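Chemist: Here's a structure for you.
FYI, it's all coordinate maths here, none of it is from the lab. Since the structure is predicted, the reported quantities are computational estimates derived from the model, not experimental observations. Cβ coordinates were reconstructed from backbone atoms using ideal geometry, including for glycine residues, and neighbour counts include every protein chain displayed.
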Amino acid sequence: MEFDIGLGPRRAKPAKEPWNELEGGRVDETQTETAARTNAKLLGRPGNPLRRDQKLSSVGQKGGAVGRQPHPSRGALEERETEVGFELPDLLTERRLGNVKAVGGPSEVQFLGHGDEGIEAPQVRQLTHAQIISISPNSLLHPHERIGQTEAMGKNKPPAKYSAVGLLWRGLRKQSWPRVWREPEFKSTYDVVIIGGGVHGLATAYYLASNHGITNVAVVDKQYLGSGGSGRNTAIVRSNYLTPEGVAFYDRSLDLYNSMSNDLNLNVMFSERGHLTLAHTDSALRTMNWRAEVNKLQGINSSVITPAEIKKLTPSLDVSADTRYPILGALYHPPGGTIRHDAVVWGYARGADAYGVDLHQKTEVLDILVEGGSGPEGKGPGGKVTGVRTSKGDIHAPIVVNCTAGWASQLSNMAGVTLPITTHPLQAAVTEPVKTFLPTVVVSGSLHVYVSQTDRGELVFGASVDPVATYNMGGTLEFTEELAGHVLELMPGISKMRLLRQWAGLCDMTPDYSPVMGPTPVDGFYVDVGWGTYGFKAGPVSGEQMAACVANGTTPELIKPFELSRFTEGTLVGEKGAAAVGH
Ligand SMILES: Cc1cc2nc3c(=O)[nH]c(=O)nc-3n(C[C@H](O)[C@H](O)[C@H](O)COP(=O)(O)OP(=O)(O)OC[C@H]3O[C@@H](n4cnc5c(N)ncnc54)[C@H](O)[C@@H]3O)c2cc1C
């Protein structure tokens with residue numbers, strides 16, 4: 001008889017995972033086949049009879065998002081506890097203890113551990129009777145996998161349903177809606193502390209809970225949720241990046257955005273209206289063609305179109321040849337568009353809260369507690385994170401995730417980890433509302449401007465980051481003047497519109513315009529930073545992948561190119577050609 005007693009990551013409801021789909025084409029065949037072959041051998045089944053989907057569910061998956069069998073019932077677990085036992089200290093020396101399978105009887109055990117590359121590497125070990133003692137299945141897991149499992153038992157529940165029936169029911173009974181998330185008690189211990197209550201921190205917390213059953217998690221923010229870039233951005237989403245790594249990554253985010261309203265049961269107002277990146281010079285046109293080819297190779301809907309086609313799509317643009325910077329063409333990306341940024345933040349916050357994650361607002365992290373490191377105060381490389389010091393007291397936690405975007409380098413410094421990040425303000429502005437006339441998102445790198453129209457009719461403008469590194473979030477007159485001039489070169493017809501307001505947020509810029517994600521030289525200290533001017537669109541995929549990274553203790557393939565180590569290894573992911581103004 002064969003049974004699975006592993007407490008693999010669990011999810012409350014199956015989400016669309018492209019690498020779970022047979023036709024998805026994103027599964028690393030080599031990895032799957034190797035693992036499955038070994039799996040078949042260990043299970044005494046020659047010829048690898050497993051179907052691909054069976055292989056995936058039994059040996060884990062690339063990307064590490066969700067790869068295990070659905071969690072067995074508690075009853076089944078207890079049954080296994082009495083049947084199979086291991087000597088714990090011995091087992092814990094295993095580099096990685098993922099799923100554990102009893103094969104043929106309690107003394108022969110298959111470990112689905114991970115190799116150095118994060119690939120599941122099954123091993124069989126014979127256990128003597130002396131080794132067979134009592135077992136708690138939870139304790140068989142690697143520390144990364146053990147976190148939160150106990151607390152999660154029976155606690156997970158999906159967020160409350162918003163529905164027309166619910167609305168009617170409450171309306172008739174004059175009942176108000178419950179608070180969207182709790183104001184939790186401050187606890188001194190958590191399994192995971194996430195610093196930063198923006199879309200990245202909240203999405204990571206949500207997917208830790210929903211995909212991996214890890215709910216003993218705190219998200220701490222020095223202000224209110226969404227007070228950083230997540231509540232200040234211009235809400236543009238797209239996946240037509242320049243590098244294959246970037247395209248694959250942002251495309252997964254668009255997938256998640258597409259199903260988000262359903263997944264979070266909150267209308268995030270995704271408006272898939274098409275995204276135009278204008279080219280005003282030959283070299284810009286060359287880059288657009290380059291991007292289009294990279295995009296097409298990865299199945300992304302993206303092509304270079306002519307000025308006449310641009311005019312058809314967006315009549316208000318001046319595509320004539322007698323302007324200062326004539327439009328020579330554009331990269332057209334129909335899946336791009338805008339999403340209501342606040343709704344995304346609130347949706348993830350509500351979802352995470354419903355799973356039991358504690359969201360602590362007005363809780364500033366003053367220090368990150370590290371011991372055993374090679375730097376001053378035992379911080380830095382070689383150290384181990386033990387928690388955070390906040391304005392409300394210390395929190396002990398074996399895992400701390402830095403999701404603080406504009407403040408990322410400050411927070412990482414607290415752990416003794418230096419990041420190649422500088423912080424620059426990015427300004428934006430909005431006009432009074434007018435009748436809808438701009439059907440696409442329009443970006444011009446050469447003119448340092450982009451514009452879209454909201455559902456309410458306002459034009460939302462942005463530009464490139466201010467050239468000076470600073471934490472100052474004040475707006476400047478220079479920005480407004482330059483913006484107005486450049487916008488009028490594109491759309492002279494809007495000269496009478498009035499600007500209502502302008503604002504700024506902080507952007508954490510990296511040398512290659514790509515993020516920094518994954519582990520750091522301090523054990524247990526993770527970063528999800530370097531989001532520059534483009535991190536809103538990456539929120540969902542970052543949350544999903546960071547959650548997998550934390551839960552499984554290995555970096556998923558999708559974010560491996562963005563590890564901090566690329567700056568010492570010289571493997572930068574140059575996205576400047578697609579991210580400098582593009583958002
Ligand atoms: C004007 C503007 C326009 C933009 N437009 C776009 C766009 O169209 N598309 C796009 O994809 N991206 C855009 N971006 C970028 C995007 O907004 C960010 O990259 C993204 O929001 C980063 O999200 P985050 O969750 O990582 O960080 P944030 O949302 O910035 O959250 C970080 C949080 O950390 C908290 N924090 C900081 N220090 C501490 C501390 N010591 N203790 C506790 N908490 C702390 C902050 O209060 C903050 O809430 C834009 C940015 C700006 C400023």
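Chemist: Dipole magnitude of the stretch 447-553 about its Cα centre, charges +1 at Lys/Arg Cβ and -1 at Asp/Glu Cβ only, in debye to the nearest 20?
Modeler: For the stretch 447-553, the charge dipole is close to 400 debye.
Chemist: In what sequence, highest mean first, do 200-209, 257-266, 309-318 appear when ranked by Cβ atoms within 10 angstrom?
Modeler: 200-209, 257-266, 309-318
Chemist: Hey, another quick one. Equivalent-ellipsoid semi-axes (√(5λ), Cα gyration tensor) for the stretch 304-448, whole Å, largest first?
Modeler: 46, 21, 13
Chemist: Also: Whose amide H sits under 5 Å from the amide H of Leu572, counting only residues 5 or more places off or on another chain, with H placed in the peptide plane?
Modeler: none
Chemist: Something else about it: Positive end of the charge dipole of the stretch 462-577 (Lys, Arg +1 and Asp, Glu -1 on Cβ, about the Cα centre): tell me which of Phe479, Gly493, Phe536 has its Cα farthest that way.
Modeler: After comparing all options, I get Gly493.
Chemist: Magnitude of the Cβ-charge dipole of the stretch 355-406, K/R +1 and D/E -1, about the Cα centre, nearest 20 debye?
Modeler: That gives a dipole near 60 debye.
Chemist: Let me ask something additional. When His341, His212 are ordered from fewest to most other Cβ atoms inside 10 Å of their Cβ, what list results?
Modeler: By the 10 Å Cβ count, ascending: His341, His212.
Chemist: Val468 to Arg456: extension gain in nm, 0.36 nm per residue of separation minus the Cα-Cα distance? Before the final figure, lay out each step's value.
Modeler: Details: separation 12, 0.36 × 12 = 4.32 nm, distance 3.33 nm.
Length gained, Val468 through Arg456: 1.0 nm.
Chemist: Going by how many other Cβ atoms sit within 10 Å of their own, how do Trp181, Trp169 line up, fewest first? Present the calculation step by step, with values, prior to reporting the outcome.
Modeler: Working: Trp181 20, Trp169 11.
Exposure proxy ranking, most exposed first: Trp169, Trp181.
Chemist: Looking at this model, which pairs from Lys435/Lys537; Lys312/Lys576; Lys161/Lys311 are more than 32 angstrom apart at the alpha-carbon?
Modeler: Violating the 32 Å Cα-Cα cut-off are Lys161/Lys311.
Chemist: Oh, and also: Report the charge-dipole magnitude of the stretch 189-304 in Debye, nearest 20, computed about the Cα centre from +1 at each Lys and Arg Cβ and -1 at each Asp and Glu Cβ. List each step's numbers first, then the result.
Modeler: Details: 8 positive and 9 negative charges, 58 e Å.
Dipole size: approximately 280 debye.
Chemist: Moving to a separate point now. Going from the alpha-carbon gyration tensor of the stretch 450-557, what semi-axes, largest first and in whole Å, does one get by taking the root of 5 times each eigenvalue?
Modeler: Taking √(5λ) for each eigenvalue gives 36, 16, 11 Å, largest first.
Chemist: Moving on. On full extension of the chain, what length is gained from Lys384 through His448, given 0.36 nm per residue of separation minus the C-alpha to C-alpha distance?
Modeler: Gain in length upon complete extension: 18.7 nm.
Chemist: Suppose R0 equals 56 Å; then what is the FRET efficiency for Glu371 and Ala321 from their Cβ-Cβ distance, rounded to the nearest 0.05?
Modeler: Working from the Cβ atoms, E equals 0.25.
Chemist: Give me the one-decimal nm value for the distance between modelled label points at Glu569 and Thr476, 7 Å along each residue's Cα-to-Cβ direction.
Modeler: Placing both labels 7 Å along Cα→Cβ, they lie 3.8 nm apart.
Chemist: Taking a ≥ b ≥ c as the square roots of the eigenvalues of the Cα gyration tensor of the stretch 320-388, is the shape rounded (a/c under 1.5), prolate (a/b larger than b/c) or oblate?
Modeler: Working: a/c = 3.85, a/b = 1.81, b/c = 2.13.
Note, shape of the stretch 320-388 comes out oblate.
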